[in-house]
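First the structure, in the form of structure tokens, and then the observations on it.
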Amino acid sequence: MSTRPVIGISCCTRTIGTEHAQSVMNRYVVHALRYADVAGLLVPALPDLMSPREVAPRLDGLLLTGSPSNVEPARYGQADAPDAEGPYDAGRDVMTAGLIEAMLVLGKPVFGICRGLQEINVAFGGTLRRDASRQDDLIAHHAPDDATFDAMFAHEHAVSLTAGGLLNRGLGREALSVNSVHFQAIDTLGAGLSAEALAPDGIVEAVSAKVGGAQVLAVQWHPEWRTDANPDSQAYFRLLGRVLRGEGVSTEQRISA
């Protein structure tokens, strides 16, 4: 019997009732395991009780999930920013920063979705903007405050995929229509990261890098949302599975859905 790769999936600190909990929405776990064909382990955001360096050797890859929380501006050198706004999750910030470093030192792939992309950008020395939801801009990257939950995830815009990039080759597409549910976004791109997708307003919507043989790939949108009905989202997770198995993606290949 073959052994499937094991992907670590980051948790957030959430309050449920009156108690704190380690939490990750099922949609991240279910669709990563189903379409990437991998096993998964949840990694709690408890850096005071466990070290990223003791977790990383047990994983074949890492998926940094989205979250209602924002990355603290102090982590990208803007502690005194007047427009800084939470909620924050300091435990997750510390744990994911350590996990990114530990995984790349071991030559293991790191993937990100939404907040995960922002964490990766900060880990590579980049900065974030915090006003991506402005309704008077060319594109509002978040639905209005009064939108229902489903309408929030139905808020979409186009992205163009970088020619010859990993997403362009893996999905066999030049452009996508993606959901847009984020307040923060990449401002300064981290050193060593390449833009994989751009929104019409120029915001970087996906990034990649190779660090000592370790593949990094992250997107700002949410491919885990209603994945069963979206072939492009299925292809994204299948691409993750191929990377975890060390399979390359040629210019002729498309990860079929």
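The values are calculated or read from the model by the stated rules, or taken from the named source; none is laboratory data. Everything numeric here is computed off the predicted structure, so don't read it as measured data. Positions of Cβ are generated from backbone atoms using ideal geometry, with glycine treated the same way; all protein chains shown enter the neighbour counts. The protein model used for the area step is the full one, side chains on, heavy atoms only, and it has no ligands, DNA or RNA in it. Shrake-Rupley method; radii C 1.70, N 1.55, O 1.52, S 1.80 Å.
Out of everything in region 1-48 that is in contact with a Cys (Cβ under 7 Å, 6 or more places away or on another chain) and not β-branched (Val, Ile, Thr), what residue ends up being farthest from Phe111 (Cα to Cα)?
It comes out as Gln22.
Residues checked against (1) acidic (Asp, Glu); (2) in a helix (DSSP H, G or I):
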residue	(1), (2)
Val55	no, yes
Leu62	no, no
Arg75	no, yes
Glu85	yes, no
Gly91	no, yes
Met95	no, yes
Leu99	no, yes
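Among the residues of region 78-122, just one is open to solvent by less than 20 Å² (accessible area, probe 1.4 Å), without any contact (Cβ under 8 Å) to a residue 40 or more places away in the chain and hydrophobic (A, V, I, L, M, F, W, C), namely Ile100.
Residue check: is Tyr76 touching an Asp or Glu at 6+ places or on another chain (Cβ under 6 Å), at pLDDT below 95 and over 27 Å from Ser233 (Cβ atoms)?
So Tyr76 fails the test.
All of Ala45, Ala21, Ala32 fail the test of being open to solvent by less than 30 Å² (accessible area, probe 1.4 Å) and part of a loop (DSSP other than H, G, I, E, B), apart from Ala45.
Mind listing just one residue for me: the one in region 177-198 that is open to solvent by less than 10 Å² (accessible area, probe 1.4 Å) and more than 21 Å from Phe124 (Cα to Cα) and, of those, modelled with the highest pLDDT? For region 177-198, the residue satisfying everything is Val178. Counting the residues of region 186-232 that are within 25 Å of His31 (Cβ to Cβ), of a type in the set (D, E, K, R) and outside any strand (DSSP E or B) gives 4.
Within the set Gly125, Gly66, Gly91, the sole residue that is touching a Cys at 6+ places or on another chain (Cβ under 9 Å) and within 17 Å of Ala206 (Cα to Cα) turns out to be Gly66. One residue stands out among those in region 123-143 that are in contact with a helix residue (DSSP H, G or I) (Cβ under 9 Å, 6 or more places away or on another chain) and modelled with pLDDT under 70: the one that is surrounded by the most Cβ atoms within 10 Å (Cβ to Cβ), which is Ala143.
Summed over region 216-242, residues that are among the aromatic types (Phe, Trp, Tyr) and open to solvent by less than 10 Å² (accessible area, probe 1.4 Å) total 2.
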